[in-house]
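Engineer: Structure provided below as structure tokens; questions to follow.
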Amino acid sequence: MTTASSDPAIDLHQVFKVYGRRVHALQGVDLRVNRGEVFGLLGPNGAGKSTLVKIMMTVVRPTRAQGKILGHPVGHKPTLARVGYLPENHRFPKYLTGRQVLDFFSALAGVDRVTRRRRSAEFLDIVGMTEWADTKISTYSKGMLQRVGLAQALVHEPDLVVLDEPTDGVDPVGRRDILDVLNRIRGQGRTVFVNSHALSELEAICDRVAILVKGRVAKQGTLDELTVAKQRYEIEVAAGDAGDGRRRVRAALPADWKESTEPARVIPPAAAVAPTSASGPPPLNYAIPAPPSLPPRTTIVDRGTLRGGPPIELAGLTLRIETTDPQPVQGIIDALRSAGLMIVRVESVRPSLEDLFIEAVTDPLTGQVATPGAASAARAGGTK
Amino acid sequence: MIEQTIALFIDAYRDLNARKLFWITLILSGVFIAAFALLGADPKGFHLLWFHWDMPMARYLYKQIFSYLVVGLWLTFVSATLALVSTAGIFPDLISTGAIDLYLSKPLSRPRLFLTKYMSGLLFVTLQVALVAVGGFILLGVRGGEWKPGLLLAIPIVVCFFSYLFAISVFLGILTRSSIAALLLAVLCWGFFWAVHKTDQFLSKELASQDYLANYYRDEIHSADARLGELHASTRPADRMAVVDLTEQRASDQERLETVEAGLPATRRTHRIVYAIYSAVPKTTETTDVLDRTLFSNDEVAEGDEKTTSMFVRSTGNRDFDAQRNAAMQGEAGYHREIRGRSLFWIIGTSLTFEAVVLLLAGWVFCRRDY
């Protein structure tokens with residue numbers, strides 16, 4: 001049960017980390033994770049996700065950080081007894097068995113011997129590793145290691161579980177099992193903080209997400225909060241000549257069109273042509289660069305505002321109405337039909353987490369996706 | 001807190017248990033002790049299996065051989081080298097990405113993790129030395145006829161000696177993150193400490209020897225002067241000839257004395273510098289030699305030196321050669337006296353101070369670093 005209380009599980013303010021004076025990994029991160037929720041942290045490679053997680057887990061020392069974890073300042077060691085952590089690319093001692101891994105690391109978390117023995121068996125069973133419990137982990141596959149790693153993060157029954165790429169290298173069945181376990185933890189009222197690239201999985205389990213770009217939180221909130229502003233209607237018309245069709249659409253609508261003086265945006269060829277319903281809704285953010293195998297195409301996006309209504313865009317033969325209200329859409333449909341245009345698709349589109357992610361990492365002016373890596377000293381100040 | 005410490009020690013044991021080298025070294029130690037047990041000593045002489053041969057001071061020599069082979073060679077060289085090889089990877093493995101995260105994310109402070117890991121690293125050599133020390137104690141009692149509980153001091157002494165090298169290995173392992181680099185550089189440091197020790201040893205002996213020679217020539221000159229005084233008063237022709245010979249000999253002795261005295265300040269100066277360096281670095285050899293103090297009393301050593309001198313020193317009739325040889329023997333005996341006169345605080349205390357400084361540096365790097 002998510003509780004947006006005054007006592008959040010994680011409440012970070014102005015977290016900075018500079019490596020060697022030049023690499024600005026984190027540039028003032030503010031993050032809040034409520035108790036009992038599953039929180040997802042996303043970001044491109046080098047955005048600072050792992051650094052942020054490591055600062056929370058005291059593996060990396062922040063240059064500057066304020067805030068609390070489970071009510072105690074960041075870096076407060078005793079609090080870590082209430083935190084479970086599965087690092088990315090973890091390396092357990094090869095000479096241990098799965099059971100010994102759980103026993104050893106829960107002992108380091110301060111769990112007594114009798115409880116350790118009981119819980120080790122219990123959590124190995126939860127992650128489906130009972131059969132392999134007494135086998136050396138040097139013989140385990142990546143997926144099995146992830147399962148044991150997850151059990152290791154949970155065995156001391158922490159209030160907060162921090163997982164860095166928990167499904168990395170795990171087969172689909174294993175992924176489903178891990179997600180089940182996470183749901184189960186949430187059901188027990190624990191807080192889960194997941195750092196992952198698997199956007200579809202995060203979308204399935206996260207209550208709230210934050211997107212980190214170049215050391216700053218670009219977006220943060222519930223999926224509804226983040227997507228509601230981006231929800232829109234799309235109306236696609238058919239015309240023999242695309243240019244003529246666009247002119248007719250513009251003429252039919254009671255809108256004030258702005259001739260775009262902004263730079264043309266890069267859009268993938270697939271999105272530039274009229275999508276079919278079979279291929280699913282086009283992404284909200286159409287600034288995805290074309291795949292390297294295809295030549296990039298650009299298009300001028302006509303923008304405008306319906307008189308007394310929401311902003312609209314005309315890209316190709318697709319009209320996008322930036323509203324969640326179906327009322328103004330009715331008038332547009334009528335106007336288009338009156339102009340003799342054939343409507344082939346009307347759809348209410350809600351952006352996916354992937355759309356949000358891509359939008360967050362794309363420069364709105366150039367349409368370029370952020371390059372991987374942290375901000376260097378020279379460009380640290382200009383990113384946002 | 002106790003749970004965590006016990007867990008880290010159990011983990012260290014599991015780590016050792018998984019290393020083949022640990023068991024190979026342990027078995028080799030057992031074989032070495034068993035092989036040494038074939039040799040025995042009684043007041044009359046040595047016996048090997050059913051053979052027996054008479055030898056004066058057999059028990060003393062038996063202890064000397066034991067000290068040289070079991071303590072000097074096996075424990076402080078072979079076993080220590082194998083222990084360094086086995087433990088060089090402990091810290092580089094601990095701080096490798098993906099492993100250190102698991103430790104640091106636990107409610108365990110970095111200094112405590114560092115110190116506990118360091119202490120648990122000494123477990124290897126403790127177990128090895130314990131086996132050899134207990135085996136050696138029984139061996140020396142049964143086969144050498146001397147029950148020396150002090151031999152069990154080998155456990156703390158050798159662990160202490162190894163800890164100097166392990167501290168360096170840990171520091172280098174944390175700095176370089178490489179087991180191989182840590183091992184090679186630690187062995188290089190060990191070689192440097194040994195070289196400093198040998199230089200100090202050589203200069204100490206040289207000083208004692210030169211002091212002996214200077215005193216010897218002074219005495220000779222004094223007695224020549226006294227004899228010349230008597231001879232000058234004599235009018236016998238034979239005495240006149242003796243005066244000529246004695247004057248020549250006195251001049252020669254004077255020249256040698258001046259040569260020795262001219263060299264002494266430089267030797268003393270060099271020794272002071274080397275001694276200062278030696279005081280600052282771990283005294284690996286002297287630390288393990290401390291065990292000899294429990295094996296041999298001062299009287300035994302003095303008696304041994306005396307007997308060795310009397311056994312091997314015979315006048316050759318060549319005055320200068322005899323003087324040089326006697327000086328060398330005196331240098332050796334003088335060095336033994338000096339070594340045994342050096343305080344435990346100086347030997348172990350200064351070494352532990354060095355170790356503490358290295359550990360502080362290693363701990364500081366370990367605790368400050370981002371992983």
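No value in this document is a laboratory result; all are computed from the given coordinates. In this text, all values refer to a predicted model and were calculated from it rather than measured experimentally. So basically every Cβ, Gly included, is an ideal-geometry build from the backbone, and we count neighbours across all protein chains shown.
Engineer: What's the exposure ranking of B:C189, A:C206, going from fewest to most Cβ atoms within 10 Å?
Structural biologist: B:C189, A:C206
Engineer: Here is a follow-up. Within a 10 angstrom radius of the beta carbon, how do B:Y103, B:Y212 rank from fewest other beta carbons to most?
Structural biologist: B:Y103, B:Y212
Engineer: In segment A:13-47, what trypsin sites (Lys or Arg not before Pro) fall in a loop by DSSP, with at most 12 other Cβ atoms inside 10 Å?
Structural biologist: Here the sparse-neighbourhood loop sites are A:R21, A:R22.
Engineer: May I ask you to list the lysines whose Cα is less than 17 Å away from that of A:K142, ignoring any residue fewer than eight positions away on the same chain?
Structural biologist: Correct list for A:K142: A:K94.
Engineer: Taking amide hydrogens as modeled 1.01 Å from N in the peptide plane, which residues meet the under 5 Å criterion relative to A:V217, leaving out close sequence neighbours?
Structural biologist: The answer is A:D30.
Engineer: Given the options B:Y62, B:Q201, B:Q128, identify the residue whose Cα lies farthest towards the positive end of the charge dipole of chain B (+1 on Cβ of Lys, Arg; -1 on Cβ of Asp, Glu).
Structural biologist: Toward the positive end, the furthest listed residue is B:Q128.
Engineer: Follow-up question, since we're still on this one. Going by a ≥ b ≥ c, the root eigenvalues of the Cα gyration tensor, does segment A:1-104 fall in the rounded group (a/c under 1.5), the prolate group (a/b larger than b/c) or the oblate group?
Structural biologist: Oblate, because a/c is 1.5 or more while a/b does not exceed b/c.
Engineer: Can I ask one more? What FRET efficiency, computed as 1/(1 + (r/R0)^6) with R0 = 51 Å and r the Cβ-Cβ distance, is obtained for A:Q66 and A:R337, rounded to the nearest 0.05? Could the numbers behind the result be given before it?
Structural biologist: Values: r = 58 Å, r/R0 = 1.13.
It comes out at approximately 0.35.
Engineer: Working out 0.36 nm times the residue gap between B:I138 and B:A262, then minus their Cα-Cα distance, what length gain in nm do you get to one decimal? Working shown, then result.
Structural biologist: Working: separation 124, 0.36 × 124 = 44.64 nm, distance 5.24 nm.
Gain on extension, B:I138 to B:A262, equals 39.4 nm.
Engineer: Taking square-rooted eigenvalues a ≥ b ≥ c of the alpha carbon gyration tensor, is segment B:240-298 rounded, prolate or oblate, where a/c under 1.5 means rounded and, failing that, a/b exceeding b/c means prolate?
Structural biologist: Oblate, because a/c is 1.5 or more while a/b does not exceed b/c.
Engineer: Still on this structure: Is the shape of chain B rounded, prolate or oblate, going by the alpha carbon gyration tensor and its root eigenvalues a ≥ b ≥ c, with a/c under 1.5 for rounded and a/b larger than b/c for prolate? Walk me through the numbers before you get to the answer.
Structural biologist: Working: a/c = 3.86, a/b = 1.90, b/c = 2.03.
In terms of gyration-tensor shape, oblate.
Engineer: Okay, moving on. At 0.36 nm per residue, minus the direct Cα-Cα distance, what do B:A280 and B:F192 gain on full extension? Give it in nm, one decimal, please. Display every interim value, and only then the final one.
Structural biologist: Working: separation 88, 0.36 × 88 = 31.68 nm, distance 1.25 nm.
That pair, B:A280 and B:F192, stretches by 30.4 nm at full extension.
Engineer: If neighbour count is taken as other Cβ atoms inside 10 Å, put B:R369, B:R319, B:R59 in order from fewest to most.
Structural biologist: B:R319, B:R369, B:R59
Engineer: Give, in nm to one decimal, the length gained when the segment between B:R218 and B:L361 is fully stretched (0.36 nm per residue of separation minus the Cα-Cα distance).
Structural biologist: Full extension from B:R218 to B:L361 adds 46.3 nm.
Engineer: Using the basic label-point model (7 angstrom from Cα toward the beta carbon), what is the B:V244 to A:E225 distance in nanometres?
Structural biologist: That separation, rounded to one decimal, is 11.9 nm.
Engineer: For the protein assembly as shown, build the charge dipole from Cβ charges (+1 Lys, Arg; -1 Asp, Glu) around the Cα centre, then report which of B:A233, B:H271, A:C206 sits farthest towards its positive end.
Structural biologist: It is A:C206, whose Cα lies furthest towards the positive end.
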